[in-house]
1. What number of residues in region 125-157 are among the aliphatic types (A, V, I, L, M) and farther than 17 Å from residue 29 by Cβ?
2. Could you say whether any residue in region 155-175 is of a type in the set (Val, Ile, Thr), part of a loop (DSSP other than H, G, I, E, B) and crowded, with 21+ Cβ neighbours inside 10 Å?
3. Does residue 115 satisfy being part of a loop (DSSP other than H, G, I, E, B) and charged (D, E, K, R)?
4. Is it the case that some residue within region 131-149 is touching a residue at least 24 places away in the same chain (Cβ under 8 Å), in a helix (DSSP H, G or I) and surrounded by 13 or more Cβ atoms within 10 Å (Cβ to Cβ)?
5. Please determine, by comparing only the residues of region 83-94 that are surrounded by 13 or more Cβ atoms within 10 Å (Cβ to Cβ) and modelled with pLDDT of 75 or more, which one is nearest to the chain's Cα centre (by Cα).
6. Go through (1) within 19 Å of the chain's Cα centre (by Cα); (2) modelled with pLDDT of 80 or more; (3) under 25 Å from residue 43 (Cα atoms); (4) part of a helix (DSSP H, G or I) for residue 186 and report which single condition fails.
Amino acid sequence: MPIGKARKCTKKMKIISPCDGKIQMNLSILGSSHSGKTSLVKRFLCGSFSDEYNPTSMDVFEEHYRLDATDVGVSYQIFDITGSDDFPAMRQLAINSAETFVIVYAVDDRKSFEDAKKVKMEILKTKGRGEVPILLVANKCDVDQENHVVSSEEGRMLAKQWGCHFEETSAKISQNIDNLFTEPMIKVLKQKYPELATLGYNHRALAITTR
């Protein structure tokens, strides 16, 4: 699989943990094409937004955090996966590699909402039906209300059915972006390392690799 040139936004931190030099955590963001997955990631990591659509096969974003008052570092990989069915091997790799998932649909695209349900089933088929941390995201909430074809209530009901958290976002106007990726990370961190769960964190160092 070809790997593109890494682009660095800031200087990398030294990563130290009580375990093996760093705590490695992986998240996959999944959903239909045009649902705005990549825009959400780039708004969070780089604070930027573009209306230009560039199809993704798989981008891997690496974020580095340091837990406050410690030398403990967290290396956090975000897998941004194509919404197309043309790359099943990549999707399986991203699902297998991830510990937590963000499933995105667009509020102005009914098909993307239905596709989100299929993505959930795909995750459960691969990971098993135990507890899998999932965040359901209704994106593009900035579009005119008359163009919404999926209501907030539908999204909330689906999240309740899944037993997961629900977030309404907009990459364009930077609505509810900050917690979109940090909250899943913190949830998994608390599960894996309860002794670190009460600590805050600071960041960021960033490298982006396109595949």
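1. Within region 125-157, the subset among the aliphatic types (A, V, I, L, M) is 132, 134-138, 143, 149-150, 157.
Those left that are additionally farther than 17 Å from residue 29 by Cβ: 143, 149-150, 157.
The number of residues fulfilling the criteria is 4.
2. Of region 155-175, the ones of a type in the set (Val, Ile, Thr) are 169, 173.
Cutting the leftovers down to part of a loop (DSSP other than H, G, I, E, B) gives us 169, 173.
Still in the list and also crowded, with 21+ Cβ neighbours inside 10 Å: 169.
Checked region 155-175: at least one residue is of a type in the set (Val, Ile, Thr), part of a loop (DSSP other than H, G, I, E, B) and crowded, with 21+ Cβ neighbours inside 10 Å.
3. On the way: part of a loop (DSSP other than H, G, I, E, B): no; charged (D, E, K, R): yes.
Against the criterion (part of a loop (DSSP other than H, G, I, E, B) and charged (D, E, K, R)), residue 115 does not qualify.
4. Here is the first cut: in region 131-149, the ones touching a residue at least 24 places away in the same chain (Cβ under 8 Å) are 132-143, 147-149.
Next, only the ones that are in a helix (DSSP H, G or I) stay: 147.
Narrowing further to those that are surrounded by 13 or more Cβ atoms within 10 Å (Cβ to Cβ): none.
Checking region 131-149: not a single residue is touching a residue at least 24 places away in the same chain (Cβ under 8 Å), in a helix (DSSP H, G or I) and surrounded by 13 or more Cβ atoms within 10 Å (Cβ to Cβ).
5. As a first pass, look at region 83-94 and keep what is surrounded by 13 or more Cβ atoms within 10 Å (Cβ to Cβ): 83-84, 87, 90-94.
Now restrict to residues that are modelled with pLDDT of 75 or more: 90-94.
Working: 90: 16, 91: 14, 92: 16, 93: 15, 94: 11 Å.
Checked region 83-94; the qualifying residue nearest to the chain's Cα centre (by Cα) is 94.
6. Checking residue 186 against (1) within 19 Å of the chain's Cα centre (by Cα); (2) modelled with pLDDT of 80 or more; (3) under 25 Å from residue 43 (Cα atoms); (4) part of a helix (DSSP H, G or I), the one that fails is (2).
Conditions (1) within 21 Å of residue 97 (Cα to Cα); (2) surrounded by 15 or more Cβ atoms within 10 Å (Cβ to Cβ); (3) in contact with a strand residue (DSSP E or B) (Cβ under 7 Å, 6 or more places away or on another chain); (4) modelled with pLDDT under 85, marked per residue:
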{"site": "31", "(1), (2), (3), (4)": "yes, yes, yes, no"}
{"site": "36", "(1), (2), (3), (4)": "no, yes, yes, no"}
{"site": "56", "(1), (2), (3), (4)": "yes, yes, yes, yes"}
{"site": "62", "(1), (2), (3), (4)": "yes, yes, yes, yes"}
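Residues are listed down the side, and each one gets a yes or a no for (1) of a type in the set (Lys, Arg); (2) over 19 Å from the mean Cα position of the chain (by Cα); (3) within 24 Å of residue 76 (Cα to Cα):
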site	(1), (2), (3)
98	no, no, yes
101	no, no, yes
106	no, no, no
113	no, no, no
116	no, no, yes
120	yes, no, yes
126	no, no, yes
156	yes, no, no
170	no, no, yes
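The values are calculated or read from the model by the stated rules, or taken from the named source; none is laboratory data. All values derive from a computational prediction rather than experimental measurement. With ideal geometry, Cβ positions are generated from the backbone for all residues, glycine too; neighbour counts draw on all protein chains shown.
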